[in-house]
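Everything below concerns the one structure shown next.
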Amino acid sequence: MTANPLRWSFRIQCFAGFAACALLIGYAVFLQFSAHLEPCPLCIFQRIAFAALGLVFLLAGLHAPRGAGGRRAWGALALLAAAAGIGIAGRHVWLQHLPADQVPMCGPGLDFLTEAMPLTSVIRTVLTGSGECANVDWTFLGLSMPEWSLLWFVLLVAWVLLVMVLPGKDRHVRT
């Protein structure tokens, strides 16, 4: 195997995308339990989006279609999951950058919401955001966790485009 990831087989490229998503979720869970950072509802939704994107990468790698049409179909599914993640992370970053007087009040926890409301209402309520989602409890290199999530979703979209949607002609046949 070559060191250039653009020359890896489609299967290995997909497994690399899956590994990136798994490592990101693993690190979030590690911080949750080691640094006692409780995830807000938007953080949980971002984890779900990473899991969905990782699942698409895993299934695409296992399937490893030879034709461009199959790869583009997997790419479309991956882009849907990544777009949802970008939307959620973007909303979270926006909430974190609101002036203090414009931050929405804290609402009930996700556990209560799922017990008391139908799923569509829970999703609408969570995406509206609350005061707890505006808190910045962790930073690395000046970026908060949602900003890192947004950056990773954008990088994974670029990976999907390179691997699944716009592959070079010589890479269509390698699985």
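The values are calculated or read from the model by the stated rules, or taken from the named source; none is laboratory data. Since this is a predicted model, take the numbers as computed values, not measurements. Heads up, the Cβs are rebuilt from the backbone with ideal geometry, glycines too, and the neighbour counts pull from every protein chain shown.
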Kindly evaluate LEU37 against the criterion of being more than 18 Å from PHE153 (Cα to Cα) and either at pLDDT 90 or above or buried (at least 20 other Cβ atoms within 10 Å of the Cβ) (or both).
no
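Only one of ASP101, ASP111 is out of contact with any Asp or Glu (no Cβ under 7 Å at 6 or more places or on another chain), closer than 21 Å to ILE48 by Cβ and modelled with pLDDT under 80; which?
Working: ASP101 fails: closer than 21 Å to ILE48 by Cβ.
After ruling out the rest, the residue left standing is ASP111.
Given the residues ALA19, ALA73, ALA60, which is the only one that is under 23 Å from MET164 (Cβ atoms), in a helix (DSSP H, G or I), over 15 Å from the mean Cα position of the chain (by Cα) and without any contact (Cβ under 8 Å) to a residue 12 or more places away in the chain?
Details: ALA19 fails: over 15 Å from the mean Cα position of the chain (by Cα); ALA60 fails: without any contact (Cβ under 8 Å) to a residue 12 or more places away in the chain.
Answer to the check: ALA73.
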Out of everything in the stretch 137-161 that is modelled with pLDDT of 95 or more and aliphatic (A, V, I, L, M), what residue ends up being surrounded by the most Cβ atoms within 10 Å (Cβ to Cβ)?
LEU156
Of (1) at pLDDT 85 or above; (2) of a type in the set (Gly, Ala, Ser); (3) part of a loop (DSSP other than H, G, I, E, B), GLY54 satisfies all except one. Which?
(3)
Can you say whether LEU42 is within 24 Å of PHE140 (Cβ to Cβ) and touching a helix residue (DSSP H, G or I) at 6+ places or on another chain (Cβ under 7 Å), as far as the supplied structure shows?
yes
Test GLY70 against the criterion of being surrounded by 15 or more Cβ atoms within 10 Å (Cβ to Cβ) and at pLDDT 90 or above, and give yes or no.
no
Taking interchain pairs and intrachain pairs at least six residues apart, which have beta carbon atoms under 7 angstrom, with the first residue in the stretch 32-49 and under 15 Å from THR114 (Cα atoms) and touching a residue at least 24 places away in the same chain (Cβ under 8 Å) and the second among the aliphatic types (A, V, I, L, M) and surrounded by fewer than 22 Cβ atoms within 10 Å (Cβ to Cβ)?
PRO41/LEU110; PRO41/VAL126; LEU42/VAL126; ILE44/LEU110; PHE45/VAL126
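Residue by residue, here is whether (1) surrounded by 14 or more Cβ atoms within 10 Å (Cβ to Cβ); (2) assigned to a helix (DSSP H, G or I) holds:
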position: LEU6; (1), (2): no, yes
position: PHE15; (1), (2): yes, yes
position: PHE45; (1), (2): yes, yes
position: PRO65; (1), (2): yes, no
